[in-house]
Amino acid sequence: MTIMTGLGVSGGTAVGVVALVALPAPLPDEAASTDRAGDLARVSVALEDVAARFDATAASLTGDAAEMISAAAAIARDPGLLDAVEEHLQSEGPAHALHAAVDDYAKQFEELGGYFAERVTDLLDVGARAEALLLGRPLPGVPELTEPSVVIAHDLAPADTAVMDPAMVVGIVTEDGGRTSHTAILASQRGIPAIVQAKGALEFSSGLRVGIDGDSGELVVEPDEAWLAAKDEKRRARERISERSGPGRTSDGHPVMLLANVGNVADAELAGAADVEGVGLFRTEFLHLSAATAPSVADQSDEYVRVLRPFGDRPVTVRTLDAGADKPLAFADLGPEPNPALGRRGLRLMKEREDLLDDQLAALAMAAAETGALVKVMAPMVATKQEAAWFTDRAHAAGLPAAGVMIEVPGAALRAHQVLEITDFASLGTNDLAQYTMAADRMVGELSDLLDPWQPAVLDVVAAACEGGRATGKPVGVCGESAGDALMALVLTGLGVTSLSMSMQRVPMVRWALSRHTTEECVRLARIARDADSAVAAQEAVRSAASPELTDLL
Ligand code: PEP
Ligand code: MG
């Protein structure tokens, strides 16, 4: 039995045969174009054909899947892409010109980073499909499946993942991709176990029997009886856990609210129907990543109403636009900066574009009035007490009585006591807090060991923020990814956080972890983590000290 490990991004276990998604065949030799207008028209038809096929697929889907496929159709119709093809036709034939234009565009997307860098897979997929149509070759993608299969690919385009039949595709493995790639998002939305970053997985031959564990990231060739029995037991235990319900409580009854992170209406509808106590982070900028112009107050309000309604009287914490750095918005762009992550992003950008902030607050107040929902609003990237006061006053003046700040900057965490004196609550963005505490750009994968929220220095900074919460009696939650790590959730509870907001799939395990530990045990686990010398040692020490009932399942 051979075991290889990648990054588990969609939980669950499965066994199936390998179905390889081959890389596209190389392009044939081509003479330079002698009929540029004619060749450009042929490329244009091929791209429109790709877009039309995506439209048809999107029409048969809903939610994120439909949105992602529509976004890929928009890429195929991007006039800039055709302009680039026209330029390359001066020296190349149509297929090579298309290929070169897509390459140019991909480089530009990569340079822009963040959201754009993650759209490179869509762009390459559009290019590969248009090339195939142009050359009369079969379309690339997942082969026809006749038995339950584990699909292994370099990376998958949304068009591939969105149409997969979960009865046939029992698992997904990619050599590339990340936690926020489409493969990860769609696989977990569709309940298909998935692993990314499984380097070397494409070496496996088609038809081989493999097992996949999307929690631990294991890919096993010819799994033996012991592996199968262990995974089966784990699956049953997880099913039992997900049947538990109710608010977050330690075993001695200390409340820690369990909230969902959402990015759009589809997320809100799913989370609203689930057993969560509300929303701890609505990333409103996700609604506008591909918008060229600012949305109107009326349009924003309509969308917010649709996000708020599914939660009834449960609180929904809305973050005002967090634009800049890894999440650039075309309509809120102050021009290039040498260090975007340290520049005018988040609230800093809103201070320059007060019009955008005021429109958003007005839209939220309208949506709150229309729905009667319990709306809380918070600002991203707050560094000082004065910034916190500026935002809080503005939100109150707009008719939003619950206004707070995200603590993502160590300076704000160290002065949390003062910050919380003049605002209503704080929520720790541990993704950025780790980035700024360790001075490690979160877009640089090679620095992931520094970006680890288990870094004892990051935990010290979180502890300082919680101290400010205790001193002022104001709530301090966590809405970064670390809130969804069941072991870390115990540590955060021990440090004093009052709510944990995460991707809703993670809520059952965190609920269960809390229910197996007393507050005093959580405080002890937090001490153990902060006493460790490294992130790895902190996590290991907490794992050894936590209840085996929990750690056996992780
Ligand atoms: C964070 O920084 O932890 C956070 C929740 O915000 P985002 O990941 O959107 O920057
Ligand atoms: Mg952040």
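Residues of region 22-42 with an amide N closer than 13 Å to a point placed 7 Å from the Cα of residue 137 along the Cα-to-Cβ direction: 22-30.
The angle between the Cα long axis of helix 354-371 and the longest principal axis of the Cα atoms of the chain comes to about 80 degrees, rounded to the nearest 10.
Please report, in cubic angstrom per residue, the volume enclosed by the convex hull of the alpha-carbon atoms of region 319-407. Walk me through the numbers on the way to the answer.
Values: hull volume 8.4 nm³, N = 89.
It is 94 Å³ per residue.
Projected onto their three principal axes, the Cα atoms of region 247-318 cover extents of 51, 20, 17 Å, largest first. Once the Kirkwood radius over Cα pairs is known for region 399-554, the Stokes-Einstein relation at 20 °C and 1.002 mPa s delivers a diffusion coefficient of 138 µm²/s. Normalised by 2.2 N^0.38 Å, where N is the number of residues, the alpha-carbon radius of gyration of region 59-132 equals 1.15.
As a proxy for reagent exposure, ranking 466, 479 by other Cβ atoms within 10 Å from fewest up yields 466, 479. Computed extension gain for residue 286 through residue 112, at 0.36 nm per residue and net of the alpha carbon distance, reaches 61.0 nm. Across region 1-29, the residues whose backbone nitrogen lies under 20 Å from the label position 7 Å along the beta-carbon direction of residue 232 are 1-2, 12-17. Size of region 434-473: Rg and Dmax of its alpha carbons, in Å, are 12.2, 39. Taking amide H atoms as placed 1.01 Å from N in the peptide plane, the amide H of residue 406 lies under 5 Å from those of 379, 381, 382, 427, each 5 or more residues away in sequence or on another chain.
Contour minus end-to-end for residue 224 and residue 449, with contour as 0.36 nm per residue of separation and end-to-end as the Cα-Cα distance? All intermediate terms of the calculation are to be shown ahead of the outcome.
Numbers: separation 225, 0.36 × 225 = 81.00 nm, distance 3.30 nm.
Extra length from residue 224 to residue 449 when fully extended: 77.7 nm.
As a calculated quantity, the FRET efficiency between residue 83 and residue 22 at R0 = 25 Å, using C-beta atoms, amounts to about 0.20.
Spin-label model, residue 55 to residue 1: label points 7 Å out along the Cα-to-beta-carbon direction sit 5.1 nm apart.
In the chain, the longest principal axis of the Cα atoms and the axis of helix 456-472 are about 50 degrees apart. The alpha carbon convex hull volume per residue for the chain rounds to 149 Å³.
Could you give the length gained on full extension between residue 167 and residue 74, defined as 0.36 nm per residue of separation minus the Cα-Cα distance, in nm? Spell out each step's value before the answer.
Values: separation 93, 0.36 × 93 = 33.48 nm, distance 2.99 nm.
Full extension of this stretch gives 30.5 nm more.
The calculated 222 nm mean residue ellipticity attributable to helices in the chain amounts to -14500 deg cm²/dmol, summing -39500 (n - 2.57) over DSSP H runs of n ≥ 4 and dividing by all residues.
Once Rg and the Kirkwood radius are both taken over the C-alpha atoms of region 104-152, their ratio Rg/Rh works out to 1.12. Compared with the dominant principal axis of the Cα atoms in the chain, helix 535-545 is inclined by about 60°.
Here, each number is a calculation from the coordinates, and none is a lab measurement. Everything numeric in this text was worked out from a predicted model, so none of it was measured. No Cβ is skipped: glycine too gets one built from the backbone with ideal geometry, and neighbour counts run over all protein chains shown.
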